[in-house]
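Q: Below you will find the structure I want to go over with you.
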Amino acid sequence: MVQVERTLTVRTPVERVAAYLADFAHTEEWDPGTVKCTRTDEGPLAVGARWHNVSEFRGRETELDYSLTRRDAGRVTFVGKNKTATSTDDFGLSAGPDGTTVRYRATIEFHGWAKVAGPFLKREFERLGDEVVPKLTKALENLG
């Protein structure tokens, strides 16, 4: 298992941040690895909503099917799965006098033979985490 956590603060109100993050298709705007992310169902952005995500990692494309597993005032969580991994993207949100603090935690649990690769990929996932911060900050700040 690999876990990466980053914290950032933006001037955007927590309600807007939560609404934006609840649509996983927005990962195209802030996740450096995401090539394409498409909603695969219809209806409100509620627990159970689903997306198909295509990402590039170490020169190879990988596809995961994500679902929104938690959406409340202080947290938005998605879980994506494919044959080799389960990826959890968790956003903890807290309102403050200067805007919203976002604690982003990405957890990747590898399955089968891929478990062996986990410890060797930690550095690469940390690098991606570093790249997420400025892109996510900009996307959230642009919400006003």
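Q: Name the pairs: first residue in region 87-104 and at positive phi, second residue hydroxyl-bearing (Ser, Thr, Tyr) and surrounded by 17 or more Cβ atoms within 10 Å (Cβ to Cβ), Cβ to Cβ under 8 Å, at least 6 apart or on different chains?
A: From region 87-104, the pairs are Gly99/Thr12.
Q: Give the number of residues within region 98-142 that are surrounded by 14 or more Cβ atoms within 10 Å (Cβ to Cβ), modelled with pLDDT of 95 or more and either touching a Gly at 6+ places or on another chain (Cβ under 6 Å) or part of a loop (DSSP other than H, G, I, E, B) (or both).
A: 1
Q: So is Glu15 outside any strand (DSSP E or B) and over 16 Å from Gly92 (Cβ atoms) or not?
A: It is false that Glu15 is outside any strand (DSSP E or B) and over 16 Å from Gly92 (Cβ atoms).
Q: Hey, any hits in region 19-35 for a residue that's buried (at least 16 other Cβ atoms within 10 Å of the Cβ) and in contact with a His (Cβ under 7 Å, 6 or more places away or on another chain)?
A: yes
Q: Can you tell me how many residues within region 37-90 are exposed (fewer than 12 other Cβ atoms within 10 Å of the Cβ), at pLDDT below 95 and either in contact with a Phe, Trp or Tyr (Cβ under 9 Å, 6 or more places away or on another chain) or part of a strand (DSSP E or B) (or both)?
A: So the count comes out to 3.
Q: Quick test of your reading of the structure: Asn53 fulfils all but one of (1) of a type in the set (S, T, N, Q); (2) touching a Leu at 6+ places or on another chain (Cβ under 7 Å); (3) within 18 Å of Asn142 (Cα to Cα). Name the failing condition by number.
A: (3)
Q: Given the conditions (1) touching a helix residue (DSSP H, G or I) at 6+ places or on another chain (Cβ under 7 Å); (2) within 29 Å of Arg123 (Cα to Cα), and given that Arg11 satisfies all but one, which numbered condition is not satisfied?
A: If we test Arg11 against (1) touching a helix residue (DSSP H, G or I) at 6+ places or on another chain (Cβ under 7 Å); (2) within 29 Å of Arg123 (Cα to Cα), just (2) comes out false.
Q: So which residues in region 18-52 are β-branched (Val, Ile, Thr) and in contact with a helix residue (DSSP H, G or I) (Cβ under 7 Å, 6 or more places away or on another chain), if there are any at all? Walk me through it before giving the result.
A: Of the residues in region 18-52, the ones β-branched (Val, Ile, Thr) are 27, 34-35, 38, 40, 47.
Thr34, Thr38, listed by residue number.
Q: Collect the residues in region 1-27 that are out of contact with any Leu (no Cβ under 9 Å at 6 or more places or on another chain) and within 20 Å of Ala46 (Cα to Cα), keeping them in residue-number order.
A: Glu15, Ala25, His26, Thr27, listed by residue number.
Q: Going by the conditions given, is Lys81 within 15 Å of the chain's Cα centre (by Cα), charged (D, E, K, R) and over 26 Å from Val10 (Cβ atoms)?
A: Working: within 15 Å of the chain's Cα centre (by Cα): yes; charged (D, E, K, R): yes; over 26 Å from Val10 (Cβ atoms): yes.
Spelling it out, Lys81 is indeed within 15 Å of the chain's Cα centre (by Cα), charged (D, E, K, R) and over 26 Å from Val10 (Cβ atoms).
Q: Consider only pairs whose beta carbons are under 8 Å apart and that are at least six residues apart or on different chains; among these, list those whose first residue lies in region 17-39 and is among the polar types (S, T, N, Q) and whose second residue is surrounded by fewer than 18 Cβ atoms within 10 Å (Cβ to Cβ) and part of a helix (DSSP H, G or I).
A: Thr34/Glu28; Thr38/Ala25
The values are calculated or read from the model by the stated rules, or taken from the named source; none is laboratory data. Being a predicted model, the structure only gives us computed values, none of them experimental. Virtual Cβ from ideal backbone geometry, glycine too; neighbours counted across all protein chains shown.
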